[in-house]
Amino acid sequence: MAIRYAEPPAPSNPLLKQAKGIRRQSEALEAILHEVLGDKRRRGRKLSGNETVTLRLDKRAVEHFKAASDDWKKAMADVLAKAAGL
């Protein structure tokens, strides 16, 4: 008479189950936050309709605008817009 032993069940990994549960909760909270807050979650500067560019200018032109106005960047943008016919 042979004695057979049943194989023990595969060990369950409680940490893996817990991690999966946390991930599901995190995804659910993310969806709720997105729904409730909408676009308010955005960080950083407010959208101004302007585009940031890097531009190499003649030093004399920059000095001219700096001497003429405290807000020399806006003054320069106004002149460029006017020259472009905007």
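The numbers here are math on the coordinates, done by the rules we state, and not lab data. If you're wondering where the values come from, they're calculated on a predicted model, not measured in any experiment. Every residue, glycine as well, gets a Cβ built from its backbone with ideal geometry; the counts of neighbours run over all protein chains shown.
Starting from 0.36 nm per residue, how many nanometres of slack lie between Leu86 and Glu27 once their C-alpha separation is accounted for?
Here the answer is 16.6 nm.
At a Förster radius of 30 Å, what calculated FRET efficiency corresponds to the Cβ-Cβ distance of Asp78 and Leu37, to the nearest 0.05? Working shown, then result.
Working: r = 36 Å, r/R0 = 1.20.
Given R0 = 30 Å and the Cβ-Cβ separation, E is 0.25.
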